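To keep things clear, I will list the structure first and then write my remarks on it.
The values are calculated or read from the model by the stated rules, or taken from the named source; none is laboratory data. This one's a predicted model, so the numbers in the text were calculated from it and none came from an experiment. Neighbour counts are summed over all protein chains in view; Cβ atoms, including those assigned to glycine, are modelled from backbone coordinates with ideal geometry.
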Amino acid sequence: MLITPLQLEHEPLVFEESIPVGALEYAPDVTQVGPLPVTGRADLILENRGHNNVVNDIRLRAAYHGQLEVLCARCVEPVAMPIEGSFDLIFRPDDADADSAERAITTDETEIGYYDKSGLLLEDVVREQVLLSLPARILCTDDCKGLCPRCGQNLNSASCNCESTAVDPRWNALGALASQVKP
């Protein structure tokens with residue numbers, strides 16, 4: 001759904017969208033399972049910057065919920081993950097702050113996103129917000145054993161016949177030193 005300042009000139013845009021499976025590519029290890037409903041509102045904020053210089057900012061407030069499948073960080077098995085979140089963001093035209101000189105930005109300006117001349121794509125914003133809401137590392141269980149580094153066997157479902165990992169001979173000196181230290 002494309003949101004443009006022209007749509008918002010006379011009244012806010014209230015929306016109820018459903019992002020279908022496969023419409024967004026989140027990350028290689030993240031898959032959307034089922035539709036992702038998004039409800040919200042877009043408002044036009046006129047930012048007066050002086051004589052005949054008005055910037056059309058878009059304030060986007062929305063909430064989403066759905067189901068994802070994320071790969072376990074250790075064994076690479078899919079993990080079902082319900083998601084839900086909301087956001088309240090300001091977007092400014094990408095050429096509004098374009099000037100030739102470098103300048104420092106304020107803390108408030110770090111919270112502003114930008115949209116191009118065609119407008120703001122709701123799906124891009126939702127994708128970004130979903131990815132930001134995910135934990136950095138997801139495990140299928142807290143005691144996940146992961147994969148064998150030699151043969152790739154999932155150690156949660158079966159053990160493998162690989163020999164224990166050989167110690168790199170460069171660590172022998174450190175091992176000898178560790179045995180001399182008394183706990």
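Residues in region 25-59 that are of a type in the set (A, V, I, L, M) and crowded, with 16+ Cβ neighbours inside 10 Å were compared, and the one that is nearest to the chain's Cα centre (by Cα) is VAL30.
Annotation: ALA62 fulfils all but one of (1) surrounded by fewer than 14 Cβ atoms within 10 Å (Cβ to Cβ); (2) among the small types (Gly, Ala, Ser); (3) touching a Gly at 6+ places or on another chain (Cβ under 7 Å); the unmet one is (1). For the criterion of being in contact (Cβ under 8 Å) with a residue 40 or more places away in the chain and out of contact with any Asp or Glu (no Cβ under 6 Å at 6 or more places or on another chain), LEU44 fails. Summed over region 10-21, the residues that are within 11 Å of LEU36 (Cβ to Cβ) and either surrounded by fewer than 10 Cβ atoms within 10 Å (Cβ to Cβ) or free of Cβ contacts under 8 Å to residues at least 40 places away in the same chain (or both) give a count of 3. Are any of the residues in region 112-119 modelled with pLDDT under 90, assigned to a loop (DSSP other than H, G, I, E, B) and over 30 Å from CYS72 (Cα atoms)? Scanning region 112-119 turns up at least one residue that is modelled with pLDDT under 90, assigned to a loop (DSSP other than H, G, I, E, B) and over 30 Å from CYS72 (Cα atoms). Among residues of region 69-94 that are within 20 Å of ARG127 (Cβ to Cβ), those with a beta-carbon under 7 Å from a residue that is among the charged types (D, E, K, R) and crowded, with 17+ Cβ neighbours inside 10 Å at least six positions away or on a different chain give the pairs ILE90/ASP57; PHE91/ASP57; ARG92/ASP57.
Here's the yes/no breakdown for (1) farther than 19 Å from ARG127 by Cα; (2) part of a loop (DSSP other than H, G, I, E, B):
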residue: LEU6; (1), (2): yes, no
residue: GLU11; (1), (2): yes, yes
residue: GLU17; (1), (2): no, no
residue: ALA23; (1), (2): no, yes
residue: GLY34; (1), (2): no, yes
residue: ASP43; (1), (2): yes, no
